[in-house]
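*Asks:* The structure follows.
The values are calculated or read from the model by the stated rules, or taken from the named source; none is laboratory data. None of the values given here were measured: they were computed from a predicted structure. We place every Cβ from the backbone using ideal geometry, glycine too, and count neighbours over all the protein chains shown.
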Amino acid sequence: MAEGEKESLEESEEELEGEEFGELIKYTAGGFVGGLILGGMLDYFGFHKSGIGQWVVRTLSGEGESIFEGIFSLRKRISGAAGSMAEAYGWGKLLGMIFPWVIDWGSRLLGVDVYGIEAFYIPYFYALSDQIGANVSGFLFLRRREGALIPALSRYLRHPVMIAGLSIILLVPAGLLIARVFGFVPDTQTYTAIETIAANLCWVPPLVGWLAERGRSKSLKD
């Protein structure tokens with residue numbers, strides 16, 4: 001390997017070193033399973049269109065992992081470990097949980113048909129408001145580390161996790177809108193869980209980070 005390539009890989013490894021994105025990946029499945037089980041139970045007992053039921057189902061399906069990722073970040077902070085992108089990412093996801101609750105209940109109070117095409121944005125925010133928070137938190141982490149805006153932006157645009165997060169933030173709403181235009185209606189709690197799970201691609205950025213960590217480590221060893 002050429003010396004310049006070696007230095008570039010070492011720099012990338014430094015960016016990802018200690019970020020532990022592999023730990024974040026495992027938290028998503030619990031929320032998905034919990035949302036589906038709760039949705040099925042509510043449907044079984046006749047609460048197909050319960051607003052409170054939808055709120056809890058969407059929270060579990062779209063944000064269940066954020067609770068565990070927040071605990072991960074809190075554990076890292078208590079342990080005194082050096083700050084990492086994964087920790088900042090987890091804090092951002094935890095803090096981004098409340099926003100969709102305001103969007104959901106505000107829309108209901110304003111008379112929006114939460115089952116109609118026009119309400120496609122509700123599952124979007126349940127699924128990805130925490131991802132938006134994670135990306136903002138990640139950028140602020142880079143801003144503090146770099147000490148200036150332009151270098152932080154440059155790192156952000158080269159960081160695979162941040163780019164993956166930004167991509168799903170921009171692409172998922174189009175998918176939700178298309179699904180509703182073509183007739184999908186979340187008129188049961190199970191459908192509510194399925195719609196939210198399909199939109200919740202928050203597992204993609206940590207997976208990208210984990211794969212990048214492994215790839216950089218292998219390249220440096222070679």
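*Asks:* If the requirement is being in contact with a Gly (Cβ under 8 Å, 6 or more places away or on another chain), more than 20 Å from residue 64 (Cα to Cα) and surrounded by fewer than 18 Cβ atoms within 10 Å (Cβ to Cβ), which of these qualifies: 214, 158, 108? Give the steps one after another, and end with the answer.
*Replies:* On the way: 214 fails: in contact with a Gly (Cβ under 8 Å, 6 or more places away or on another chain); 158 fails: in contact with a Gly (Cβ under 8 Å, 6 or more places away or on another chain).
Result of the check over 214, 158, 108: 108.
*Asks:* Now, a different point. Which condition number in (1) part of a helix (DSSP H, G or I); (2) free of Cβ contacts under 8 Å to residues at least 60 places away in the same chain; (3) of a type in the set (D, E, K, R) is the one that residue 155 fails?
*Replies:* Residue 155 satisfies every listed condition except (2).
*Asks:* Something else now. So for region 148-155 (the condition being out of contact with any His (no Cβ under 8 Å at 6 or more places or on another chain), crowded, with 18+ Cβ neighbours inside 10 Å, modelled with pLDDT of 95 or more and of a type in the set (A, V, I, L, M)), does at least one residue qualify?
*Replies:* The answer is no; no qualifying residue exists.
*Asks:* Scan region 165-184 for residues that are hydrophobic (A, V, I, L, M, F, W, C), surrounded by 13 or more Cβ atoms within 10 Å (Cβ to Cβ) and under 21 Å from residue 99 (Cβ atoms) and report the count. So that I can check it myself, show each step before the final result.
*Replies:* Here is the first cut: in region 165-184, the residues hydrophobic (A, V, I, L, M, F, W, C) are 166, 168-172, 174, 176-179, 181-182, 184.
Next cut, surrounded by 13 or more Cβ atoms within 10 Å (Cβ to Cβ) only: 166, 168-169, 172, 176-177, 179, 184.
Filter again for under 21 Å from residue 99 (Cβ atoms), leaving 166, 168-169, 172, 176-177.
Matching residues across region 165-184 total 6.
*Asks:* Test each condition in (1) at pLDDT below 90; (2) out of contact with any His (no Cβ under 9 Å at 6 or more places or on another chain) for residue 119 and report the one that comes out false.
*Replies:* For residue 119, the failing item is (1).
*Asks:* Let me ask something else. Go through region 110-162 and give me each residue that's among the aromatic types (Phe, Trp, Tyr) and closer than 28 Å to residue 49 by Cβ.
*Replies:* Our first condition is that a residue be among the aromatic types (Phe, Trp, Tyr); within region 110-162, this holds for 115, 120-121, 124-126, 139, 141, 156.
Selection gives 115, 120, 121, 124, 125, 126.
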